[in-house]
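Participant: This is the structure I want to talk about, given as C-alpha cells.
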Amino acid sequence: MNPKNTLIAALVAACGIAIASCVAVNAPGPTAAVAAPGAAKSSLPLPPPSVKPDKNGKVDLPNDQWAKLLPPAVYNVTRNAGTEAPFSHPYAELHEKGTFICADCGLLLFSSETKFDSGTGWPSFWAPIRKTAVTEITDNTLGMSRTEVRCSRCGAHLGHVFDDGPRPTGLRYCMNGLALKFIPAEAPKKPAKKS
Ligand SMILES: [Zn+2]
C-alpha cells in the first residue's frame, strides 16, 4: 500500500471510529462532533519522521524529545500546559476556510466550519472535527474547575472547553493558536481564460 492509500485508509478508519463512538454513546445533539466536508481530501502535511504513531495509534514521546522538536513557545503551551496571551496569535482573528491540525503530531483537530469569533482573543470553536480527536480532562489548577482539552493522539495541551459557546453545541473550545497549525482549504480552480 503506498503512503497516500495508507493515509486515505487511516482517514476512512478514523471516520468509522467517529461514527461508531457517536452510535455507542447515543449522543443526543449538542455534543455530537461535526465532520468537515472535504476534510479528508485536503493534503495534510505529515509530522516530522520521529513523530510516528505507535501500534496503538498514539504518539508517546518523552518531554526532552519534544523539547528538541518544538519551538520553545509551542513547547510551553503543549507540554507545560501554558496559555498564550490573548490576541497574541493570528489564528484568533483568522476567518479563512481550512482545517486546524495539532502543532505537535499533525492530527486533524478542528475545521474552520465550527470556528467563531468569541471576542476572547483565542481561537474558538463550537466542536472538534470529530469527537475522538480530543480528550477532555478535569483541570482543578489555578483555583478553578475547568475542562482541559488535549490532542487524543499525542496528549498535547490545546486549551479548555467551556459551556458558554454558541449553537448548535453551546460549547466553546478555547484553544491556544500555538498548539494548532492551520491548513488552508484548497482554492477552487479558476476557469481558464478565454484567449
Ligand atoms: Zn497531537
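Participant: Count charges around CYS174 for me, please; just the other residues with Cβ under 14 Å from its Cβ, Lys/Arg as +1, Asp/Glu as -1.
Facilitator: Surrounding charge for CYS174 is -3.
Participant: Right, next: Calculate one ³J(HN,Hα) per residue across the range 140-156 by plugging θ = phi - 60° into the Karplus curve 6.51 cos²θ - 1.76 cosθ + 1.60, and present them in order as whole Hz with x for glycine and proline.
Facilitator: After applying 6.51 cos²θ - 1.76 cosθ + 1.60, I find 9, 7, 6, x, 10, 9, 10, 10, 6, 10, 10, 5, 5, 8, 10, x, 4 Hz.
Participant: Please list, in order along the range 166-177, the HN-Hα scalar couplings obtained from phi with the Karplus expression 6.51 cos²θ - 1.76 cosθ + 1.60 (θ = phi - 60°), rounded to whole Hz, x for Gly and Pro.
Facilitator: Those phi angles translate into x, 5, x, 9, x, 9, 10, 7, 8, 9, 8, x Hz.
Participant: Next question, about the same structure. So between THR135 and THR120, what do we pick up on full extension, going 0.36 nm a residue minus the alpha carbon distance?
Facilitator: 3.2 nm
Participant: ILE137: net charge of surrounding residues, Cβ under 10 Å, Lys/Arg +1, Asp/Glu -1, itself excluded?
Facilitator: On the way: positive: ARG146, ARG150; negative: GLU136, ASP139, GLU148.
Charge balance near ILE137 sits at -1.
Participant: Moving to a separate point now. What does the convex hull of the Cα atoms of the range 112-185 come to per residue, in Å³, rounded to a whole number? Don't skip to the end; give the middle numbers.
Facilitator: Numbers: hull volume 8.0 nm³, N = 74.
That works out to 108 Å³ per residue.
Participant: At a 10 Å Cβ-Cβ cut-off, how would you order VAL161, VAL134, fewest neighbours first?
Facilitator: Final ranking by Cβ density, sparse to dense: VAL161, VAL134.
Participant: Another one. Would you please state the base-10 log of I(q)/I(0) at q = 0.11, 0.12, 0.13 1/Å for the range 46-132, with intensities from the Debye formula using one equal scatterer on every alpha carbon?
Facilitator: Log10 I(q)/I(0), no solvent term: -0.36, -0.43, -0.50.
Only the coordinates and a few stated rules stand behind these numbers; no lab work does. What you see is a predicted model; the values in this text were computed from it and never measured. Positions of Cβ are backbone-derived with ideal geometry, glycine not excepted, and every protein chain shown enters the neighbour counts.
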